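S.K.: The structure is given below, and queries will be raised subsequently.
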């Protein structure tokens, strides 16, 4: 899923990581899947992405081991949604640190508000990506709530798919 070149065989781990994660859609899809929005239509609607682009990204992310396809019934039809793997769930600190960085170094649009990341285990807001700044515990997706005032939501994240 490289943007420019195939960096999958590079010695530099940053280049290898960017070979998988370098497309901005990848982190946004992981973010939505961590919020439990793994169905194709929900991803397409929330991200504002074309069906063709989303389909290609999802296929590449399954191949890269970031997502797994999970069957579900839609009436008489079996469909698939996408759930994060351990590899994608381990991106939580990166996503949370991107949020911290974005709030610190980018201008808040009119009508926006601070996104709070709440560690449910201690009930406190954390200002760090990997370790809770309040209690010092390692943060995992299934223990996090993101409060998004501009949407009026308090969203519980989900962990990796079982198996």
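S.K.: Where the centroid of each part is defined by its Cα atoms, how far is the stretch 119-163 from the stretch 20-64 in Å?
M.R.: 21
S.K.: Now, a different point. Which log10 I(q)/I(0) values, to two decimals, does the stretch 52-121 give at q = 0.28 Å⁻¹ under the Debye formula with one point per Cα?
M.R.: -1.15
S.K.: Mean projection of the alpha-carbon convex hull of the stretch 91-156 over all orientations, in nm²?
M.R.: 4.2
S.K.: For the stretch 91-156, what relative contact order do you get, as a whole percent, if you take Cα pairs closer than 8 Å and at least 6 residues apart?
M.R.: Normalised by residue count, the contact order of the stretch 91-156 is 32 percent.
S.K.: Quick check on packing: order 78-89, 37-48 by the mean number of other C-beta atoms within 10 Å, highest mean leading. Walk me through the intermediate numbers first.
M.R.: Working: 78-89: 19.1, 37-48: 15.7.
Result, highest mean Cβ count within 10 Å first: 78-89, 37-48.
S.K.: Okay, next question. Going by the alpha-carbon gyration tensor, a ≥ b ≥ c the square roots of its eigenvalues, is the stretch 13-87 rounded (a/c under 1.5) or, if a/c is not under 1.5, prolate (a/b greater than b/c) versus oblate?
M.R.: Note, shape of the stretch 13-87 comes out prolate.
S.K.: Using the Cα atoms of the stretch 1-44, I'd like the radius of gyration and the largest Cα-Cα distance, Dmax, both in angstrom.
M.R.: When restricted to the Cα atoms of the stretch 1-44, Rg and Dmax are 12.7, 38 Å.
No lab work stands behind these numbers, since they all come straight from the coordinates. The model shown is predicted, which means the values in this text are computed figures rather than measured ones. So basically every Cβ, Gly included, is an ideal-geometry build from the backbone, and we count neighbours across all protein chains shown.
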